[in-house]
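The values are calculated or read from the model by the stated rules, or taken from the named source; none is laboratory data. None of the values given here were measured: they were computed from a predicted structure. Please note: Cβ atoms are built from the backbone with ideal geometry, for glycine as well, and neighbour counts cover all protein chains shown.
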Amino acid sequence: MTESSDTPATGPTFRTRQAAWLTTLLYRYRTEHNTPGRQAFSIGLGLYIGASPFIGFHLLMAMVFGWLFRLNRLKVYLASHISNPLFAPVLYASEIQIGSWLRTGHVYSTATLAEVQLRGLALDVFIGSVVVGLALSMTGAIVTYALMSGHGRDPHAVRLVNAAAERYLTIGLSTWEFAHSKLEMDDVYLGVLRDGVLPASGVLYDLGCGQGLMLTLIATARDAYRSGDWPKGWPAPPDALELRGIEIRSRVAKRTRGLLQDVAVVEERDLSDVSLAACDVVLLLDVLHLMSFEAQERLLAEIARALRAGGLLILREADAAGGWRFNAVRIGNRLTAWSQGRFGRRFQFNSAEGWTARLEALGFDVITISATRHGPFANFVAYSRKKTH
C-alpha cells in the first residue's frame, strides 16, 4: 500500500504561486498608466519628490501622489531616487545655497559657517528644494515625453507589441522585459509586418529562433487584425502561414516550444547540418556570424535548396564595412560570449556587399537591402527571393 506522503504533489507549488503573484504584481506596477504623457508626469513628480527634504517619506509620497494623480507609481518611486547617496550631497548642497541666496541675497561660505542657525538652514533647504525640484521635474518630464513620444509609433503597433510580449510573462518579468524591449526597439520585427513581404500561406522557418519573438509577433498580429486593432495602411498579416522554429540550445528550445505550442512548431536542431522541408520563407536574424564560413555555406545552400521558387529569405547581419558601429557590434558579441563562458568563440562577419554577392551566387535576387545605422550598431536587413528559373 502506498503511503500518502509518497504520492507526487500536483498543481503549482507554494513557491511557484508566490513567484507568479510577484511577477503579476511587478508587471502591473511596471505597465500601469503607461502613456507618454503620464510617464512624463510620473518621472517629473518622482524627481520633485526626490529633491524634497522629507527623507524617509519618499516612498510613501510616491505611492500616495502616484495613486492620487493616476500615474505609474513604480516610475514615480524610481525617479525619486535622485536623492541617492551618490547625488544627495550635491543635490542638497545646491538647494541650501539657492535657498540662502533667495532668502538673504547671500550664499554660505566657510567664513559664515559658524553663524549658521538651524531654523535658517531649514528654511533654505525648503526654499531651495522647491526651486531645484521644479527645475529637475520640468527637465525630466520634457525629456521623458520627447523620448516616449518620439518613436512615432502607431498606437495599434504599440498594442501589438504589448500583446506579443505578454506571452512571455509566464516565464518571468525579466524575460518579458527583454521581449518587450526587443520587439519595441528593434525595427526588424515590426518592419517585416509593415513591409508586407510575407505570403498569406505556406511554410515559414525561423532559423536560430531563440525565444521565438518573430513567431510570437506574427501569431499575435493575426489576432489583432481579426479584432480590427491593426495599424492603418499596413497590409494584412499572413493568416495561413505555418510557423516553424529551429533552435540549437536545448533549454531555450524546450522553453520556446512550450510557450508557442499553440501557434508554432519549434525543434531543437543544429543549423550547421540541418535539413529543411520545402518552405516559402526563411528568417535568418543575427545567426550566420556565429557560424564558421564552411557552416555558413552549407546552411545557405540548404536554404536555397529548400525554398520554393520565388521564396523569400530575410537576412539580418552586421555590416563589416560599418566603421566604428561595426566595432560596437564586435564588442557586444565578445562581451556576450564571455558572459556565457565562451572565451575562445570566433565570429565570421562579412560586409553587406559580401553577403549580397554570396546570396546572388546561390541563385537569389536581393530585392532590398537596408542599413540600420541609427543606433550604435552597424546592421543591415536584406530581402532576397529565390530566382524562378
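Computed values, structure above
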read-out: Failed criterion for Gly212 (all others in (1) surrounded by fewer than 17 Cβ atoms within 10 Å (Cβ to Cβ); (2) in contact with a strand residue (DSSP E or B) (Cβ under 9 Å, 6 or more places away or on another chain) hold); value: (1)
read-out: Matching residues in region 166-214 - criterion: being modelled with pLDDT under 90, small (Gly, Ala, Ser) and in a helix (DSSP H, G or I); value: Ser174, Ala179, Ser181
read-out: Ala179 small (Gly, Ala, Ser) and surrounded by fewer than 16 Cβ atoms within 10 Å (Cβ to Cβ); value: no
read-out: Which numbered condition Asp262 misses (of (1) modelled with pLDDT of 95 or more; (2) over 30 Å from Arg334 (Cβ atoms)); value: (1)
read-out: Long-range neighbours under 8 Å by Cβ, at least six apart or interchain, first residue more than 13 Å from Leu283 (Cα to Cα) and in the same structural domain as Leu241 (by TED's automatic domain parsing) within region 300-313, second in a strand (DSSP E or B) and of a type in the set (Lys, Arg); value: Arg308/Lys386; Ala309/Lys386; Gly310/Arg385; Gly310/Lys386
read-out: In region 369-388, residue surrounded by the most Cβ atoms within 10 Å (Cβ to Cβ) [restricted to those that are over 15 Å from Phe326 (Cα atoms) and in contact (Cβ under 8 Å) with a residue 24 or more places away in the chain]; value: Ser384
read-out: Test: Gly120 is under 29 Å from Met63 (Cβ atoms), part of a helix (DSSP H, G or I) and in the same structural domain as Gly44 (by TED's automatic domain parsing); value: no
read-out: Conditions (1) surrounded by fewer than 21 Cβ atoms within 10 Å (Cβ to Cβ); (2) at pLDDT 90 or above; number of the one not met by Ser149; value: (2)
read-out: Unique match (being surrounded by fewer than 22 Cβ atoms within 10 Å (Cβ to Cβ), more than 21 Å from the chain's Cα centre (by Cα) and assigned by TED's automatic domain parsing to the domain that holds Gly310) among Val188, Val252, Val266, Val197; value: Val197
read-out: Residue within region 231-243 that is surrounded by 17 or more Cβ atoms within 10 Å (Cβ to Cβ), more than 29 Å from Lys254 (Cβ to Cβ) and either under 23 Å from the mean Cα position of the chain (by Cα) or among the polar types (S, T, N, Q) (or both) present; value: yes
read-out: Residue that is buried (at least 18 other Cβ atoms within 10 Å of the Cβ), touching a Phe, Trp or Tyr at 6+ places or on another chain (Cβ under 7 Å) and closer than 30 Å to Leu190 by Cα, where the choices are Ala164, Ala141; value: Ala141
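Residues are listed down the side, and each one gets a yes or a no for (1) more than 27 Å from the chain's Cα centre (by Cα); (2) in a helix (DSSP H, G or I):
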residue	(1), (2)
Ile55	yes, no
Met61	yes, yes
Gly66	no, yes
Leu71	no, no
Lys75	no, yes
Ile82	no, yes
Val90	yes, yes
Ala93	yes, yes
Ile98	yes, yes
